[in-house]
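Just below is one structure, and these are the notes that go with it.
The values are calculated or read from the model by the stated rules, or taken from the named source; none is laboratory data. These numbers come from a predicted model, not from an experiment. A quick note on method: Cβ atoms are made from the backbone with ideal geometry, for glycine too, and the neighbour counts reach across all protein chains shown.
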């Protein structure tokens with residue numbers, strides 16, 4: 001890295017805020033204490049305990065696009081959280097929220113899962129957005145499912161989506177938290193719990209070096225990920241085209257499975273997803 005590149009990187013670090021997803025991910029990596037502090041305020045639950053935390057956790061999808069969670073958290077109460085930082089409101093669309101919620105469940109529902117006997121844990125997707133996505137001036141927006149014909153009776157699927165409006169900054173605990181997430185200077189933060197780690201990464205020699213290394217690794221990992229993702233997508237397209245070609249030729253599912261390297265179950269599910277049937 002040249003001196004100029006390093007100076008540019010240091011300037012980027014000085015201007016980082018917790019509402020910036022790159023900084024948030026590095027800040028929260030191996031830091032369940034501060035994540036617990038933030039969740040307690042958002043959830044208005046002072047007893048909430050974080051027992052597991054991962055940043056940039058990838059959940060693959062055999063039949064399409066996978067997902068990389070900004071932060072995955074599990075609480076002592078068994079609730080699984082996906083916390084996403086979004087400065088662009090388009091990245092927090094209802095469709096994105098629906099997809100991320102489904103991928104939280106996909107982590108749990110493995111082969112052999114039995115409905116009625118096994119149970120899905122409560123799942124919450126939390127988007128912390130720089131702008132007010134709903135435009136109603138509220139600090140929080142909670143999204144649930146209801147049964148229309150039963151007077152909006154809760155569906156009780158234990159899935160929830162929460163939008164946190166980071167532009168809402170008042171003197172409440174949540175308003176102060178959103179103020180702190182928009183701060184570049186740790187000295188301007190209300191909460192010393194958050195300011196201490198932010199100050200470490202921005203002013204401490206070891207913290208700044210750690211941040212620089214983490215950002216370099218993140219850039220390298222993203223480059224490798226793009227290459228690997230392109231390779232996977234190309235291979236999948238080739239395998240799918242093989243199945244579709246054999247389908248057009250009147251072949252059966254066993255031959256499609258052999259030729260593509262897929263299992264019979266996976267071929268069957270792929271054809272169902274396309275509303276296709278092999279010739280009888």
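Rundown of residues vs (1) in a helix (DSSP H, G or I); (2) surrounded by 11 or more Cβ atoms within 10 Å (Cβ to Cβ); (3) at positive phi, yes/no style:
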site	(1), (2), (3)
95	yes, no, no
99	yes, yes, no
104	yes, yes, no
107	yes, yes, no
132	no, yes, no
Inset, instruction - Check whether at least one residue in region 15-36 is assigned by TED's automatic domain parsing to the domain that holds residue 162, closer than 21 Å to residue 101 by Cβ and modelled with pLDDT of 95 or more, and report yes or no. - result: yes
Legend entry - Residues within region 128-158 that are touching a residue at least 12 places away in the same chain (Cβ under 8 Å), under 24 Å from the mean Cα position of the chain (by Cα) and closer than 20 Å to residue 182 by Cα, tallied: 11
Inset, instruction - Answer yes if at least one residue in region 190-197 is closer than 20 Å to residue 44 by Cα and not in a helix (DSSP H, G or I), and no otherwise. - result: yes
Legend entry - Output for region 146-168, where each listed residue is in a loop (DSSP other than H, G, I, E, B) and loosely packed, with under 12 Cβ neighbours inside 10 Å: 151, 152, 156
